[in-house]
Amino acid sequence: MTPRRIEFEILRYDPDKMQKPEFQTYLVPCEEDWVVLDALNYIKDELDRTLSYRWSCHMAVCGSCSMMINGEPTLSCKSFVRDLPNQVCIEPLNNFPIERDLVVVLDDFLGKLNSVKPYLIPREKKSLEEGVYLQSPAQLKKFKQFTLCINCTLCYAACPQYAHDENFVGPAALALAHRYNLDSRDVGRTARQDVVASNLGIWECSFVGACSEVCPHGVDPAGAIQQAKIASTGDYFMDLILPGRKS
Amino acid sequence: MAFRAGVPLKDMEFVQYHPTGLPGTGILITEGSRGEGGVLLNKDGYRYLQDYDLGPPDPWPRKNAMELGPRDRLSQAFWHEQKKGRTIKTLHGDVVHLDLRALGEKKINERLPMVRDLAKSYVGVDPVYAPIPVRPVVHYTMGGIDSNIDAATSIEGLFTAGECACVSINGANRLGSNSLTELLVFGARAGQGAARIAAGSHKTNPGSAIQKQAEAAEGRIKKLFGANGGGETVSGLRDEMNTTMEEGAGIYRTDASLRQSCEKMNDIGKRFANIELKDKSNVYNTDLLHVLELGAMIDVARAIIVSALQRKESRGSHQRLDFIKRDDKTYLRHSLAHYVPGQDPDITYRDVVITRSKPGTRVYGGGQK
């Protein structure tokens with residue numbers, strides 16, 4: 001098979017040298033079994049060593065190589081050349097500040113992940129000698145889907161609400177909170193509600209559902225957020241009926 | 001970095017190949033696919049593992065036999081099949097077939113959804129209807145920075161955990177998922193140890209010796225930024241290194257293959273001095289990162305070769321065609337590679353501490369009692 005020549009238009013930015021980002025074009029002979037990341041690596045090895053981008057696993061489990069490919073938030077290791085036309089536009093992820101070329105600043109996202117207390121908060125802490133916290137397969141099944149998130153941030157790039165207000169806690173962090181809230185070993189829901197059930201939490205979501213569409217692992221953050229809304233609404237009515245109750 | 005700072009690298013000759021990676025990308029197809037009943041076939045559709053003391057093939061599946069034999073034996077069997085011309089040629093080199101068809105669509109979807117997705121995406125094969133092309137791929141370094149069970153090294157305050165470390169839970173081979181033990185158990189110990197040292201230390205000013213080291217490190221990077229026209233590239237040297245290591249220090253090694261690789265790696269090491277940094281930016285400079293990583297990889301590659309050259313026996317993942325037997329009398333010992341600037345590392349040995357698991361004869365398949 002002869003390689004197909006694809007024109008990659010890539011948004012470049014080096015804050016040391018440039019006033020604003022500019023497109024640069026590279027012509028790459030692509031094998032049909034390549035992914036876009038292979039083409040980027042070809043550019044890096046053969047054409048231009050200054051091109052900067054993140055990647056690690058090349059198999060859609062690390063979530064590092066997220067970028068906009070022809071306008072869609074995509075993992076470049078899972079975007080196959082065979083599905084793309086002869087011209088491809090590559091930009092850094094929407095809704096994030098650019099650090100350099102295709103590398104974006106993730107501090108805001110990481111802070112939001114932390115804000116939902118994404119760890120097991122058990123009723124009683126067990127010592128090492130007391131052994132592990134047990135769970136049945138049926139209990140695991142209730143939240144397993146929400147554990148599959150790889151923190152690729154595609155959902156933040158796709159979310160119109162996050163584009164509108166960067167203070168929105170956002171899809172992946174809310175889905176992660178939901179994952180722990182549904183965990184039979186966890187009692188941390190109340191502690192998470194300050195962030196999760198706030199105006200900038202689940203109630204900021206207008207259920208466009210773009211997050212779930214771009215998710216490479218079918219986590220369905222939109223579904224998680226709607227489930228959390230229902231549970232929070234329940235809390236509200238319970239508080240009306242039984243004021244001062246302990247949730 | 002630890003090696004250059006004077007901590008020895010332990011057992012570097014032991015590099016694990018995983019028997020079932022996808023050709024080209026090297027993406028792993030999990031052992032679970034064989035655990036569920038997948039079989040390995042050569043170009044004639046024959047379950048070739050029965051020819052390598054792993055059979056008989058039936059009943060299947062069963063533990064410690066055939067496709068559920070250890071990773072090193074399976075990778076070695078591929079090598080022999082390839083020599084016999086019984087593997088399958090593809091654009092990305094020779095492969096064998098991992099056949100999951102007997103499991104059926106329901107079981108594959110339930111137990112191996114990721115395998116189906118990876119195979120469909122990256123090699124265009126749906127394992128429900130066709131076998132997946134696979135080949136051995138380099139997977140894990142059993143050796144690493146010499147550490148004790150508290151994750152501490154010979155330099156006070158320097159801790160190590162994970163694949164880069166060698167606390168010796170893997171020995172000369174490795175069982176799947178032991179990397180988690182390395183991370184979770186020894187990562188925690190490293191953290192606790194480091195915190196203890198930090199809490200007990202009241203130094204606010206780094207000593208002048210450390211200041212000097214920092215200046216030297218900065219100087220090396222400045223020199224890279226200033227150098228022009230060296231002509232050697234990261235990808236060029238990296239690809240040569242990959243080929244050299246695969247050919248000379250791969251699944252099987254000999255004195256001749258290792259010596260040849262050693263010479264070639266020394267040459268690559270010399271040429272590395274002429275590497276040219278193209279990216280001179282101070283922001284997220286991955287060209288600089290790749291240059292520094294390549295320099296470190298060259299040192300590590302040399303430690304692997306020299307450790308392998310001096311271990312004149314076959315043990316676990318280290319297989320010598322010129323010394324096919326295990327020699328517990330001479331080599332039931334850890335190798336320690338010590339850094340010597342600009343030269344091959346020095347190798348010394350340390351006795352193995354044996355507690356519960358005694359070294360025995362490795363027998364699989366029908367040979368088991």
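If you average the alpha carbon positions of the stretch A:60-118 and of the stretch B:335-369, how far apart do those two centres end up, in angstrom? Each part's Cα centre sits 43 Å from the other's. In terms of surrounding Cβ atoms within a 10 Å radius of their Cβ, A:Leu84, B:Leu112, B:Leu321 rank from fewest to most as B:Leu321, A:Leu84, B:Leu112. Each principal axis of chain B carries a Cα extent, and these read 68, 50, 43 Å when sorted largest first. Across all Cα pairs in the protein assembly as shown, the calculated P(r) in 20 Å bins from zero up to the longest distance comes to 16, 46, 35, 3, 0 percent per bin. For the stretch A:4-104, the fraction of C-alpha pairs farther apart than 17 angstrom is 47 percent. Taking a ≥ b ≥ c as the square roots of the eigenvalues of the alpha-carbon gyration tensor, the stretch B:19-138 is classed oblate because a/c is 1.5 or more while a/b is no larger than b/c. Residues considered: B:Ile221, B:Ile132, B:Ile275. Largest GNM mean-square fluctuation over chain B, using C-alpha springs under 10 Å, is found at B:Ile221. Average projection, convex hull of the Cα set of chain A: 17.4 square nanometres.
Reported value for the stretch A:107-247: 125 Å³ per residue, from the convex hull of its C-alpha atoms. Cys residues of the protein assembly as shown that find no other Cys beta carbon under 4.7 Å: A:Cys30, A:Cys65, A:Cys77, A:Cys89, A:Cys149, A:Cys152, A:Cys159, A:Cys205, A:Cys215, B:Cys164, B:Cys166, B:Cys262.
Partner lysines whose Cα lies under 17 Å from the Cα of B:Lys270, excluding those fewer than 8 positions away in the same chain, are identified as B:Lys223. Reported to the nearest whole Å, the Cα centre-to-centre distance from the stretch B:236-286 to the stretch A:163-213 is 48. Across the cross-link table entries A:Lys20/B:Lys120; A:Lys117/B:Lys222; A:Lys141/B:Lys120; A:Lys44/B:Lys43, which are compared at the Cα atoms, the separations over 31 Å belong to A:Lys20/B:Lys120; A:Lys117/B:Lys222; A:Lys44/B:Lys43.
To make sure I understand the rule: partners must be lysines, Cα under 20 Å from the Cα of B:Lys329, and not fewer than 8 residues away in the same chain. Which ones qualify? Within the straight-line cut-off, B:Lys329 pairs with B:Lys10, B:Lys312, B:Lys358. Each of A:Arg245, B:Arg86 was scored by other Cβ atoms within 10 Å of its Cβ. Listed from fewest to most, they are A:Arg245, B:Arg86.
For the options B:Pro113, B:Pro133, B:Pro19, a Gaussian network treatment of chain B with springs between C-alpha atoms closer than 10 Å singles out B:Pro113 as fluctuating the most. Hydropathy first: keep DSSP H helices in chain B averaging at least 0.0 on Kyte-Doolittle, then drop any whose Cα extent along the axis falls short of 18 Å, and list what survives. Qualifying helices: B:178-200, B:286-310. With a ≥ b ≥ c taken as the square roots of the eigenvalues of the C-alpha gyration tensor of the stretch B:147-284, please select rounded if a/c is under 1.5 and otherwise prolate if a/b is larger than b/c or oblate if it is not? Since a/c reaches 1.5 but b/c is at least a/b, the shape of the stretch B:147-284 is classed as oblate. Under a Gaussian network description of chain B, with springs only between Cα atoms under 10 Å, the residue in B:Val283, B:Val39, B:Val115 that fluctuates furthest is B:Val283.
Ratio of alpha-carbon Rg to the 2.2 N^0.38 Å globular estimate for the stretch A:115-159, to two decimals, please.
Computed over Cα atoms of the stretch A:115-159, the ratio equals 1.60.
Neighbours of B:Glu240 by Cβ distance under 12 Å: Lys/Arg scored +1, Asp/Glu scored -1, total -2. Remark: B:Trp60, A:Trp34 ranked as B:Trp60, A:Trp34, counting other beta-carbon atoms within 10 Å and listing the fewest first. When Lys and Arg each count +1 and Asp and Glu each count -1, what net charge do the other residues less than 15 Å away from B:Gly6, Cβ to Cβ, add up to? Combined, the nearby Lys, Arg, Asp and Glu give -2.
Dividing the summed -39500 (n - 2.57) terms of all DSSP H runs of n ≥ 4 by the residue count of the protein assembly as shown sets its mean residue ellipticity at 222 nm at -11000 deg cm²/dmol. Derived value for the stretch A:114-195: Kirkwood hydrodynamic radius 14.2 Å. Basis is the mean of 1/r over every pair of different alpha-carbon atoms. Across the cross-link table entries A:Lys78/B:Lys106; A:Lys17/B:Lys278; A:Lys125/A:Lys229, which are compared at the Cα atoms, the separations over 20 Å belong to A:Lys78/B:Lys106; A:Lys125/A:Lys229.
Bear in mind these aren't lab numbers, they're just calculated from the coordinates by the rules spelled out. Since the structure is predicted, the reported quantities are computational estimates derived from the model, not experimental observations. Using ideal geometry, Cβ is built from the backbone for each residue, glycine included, and neighbour counts are taken over all protein chains shown.
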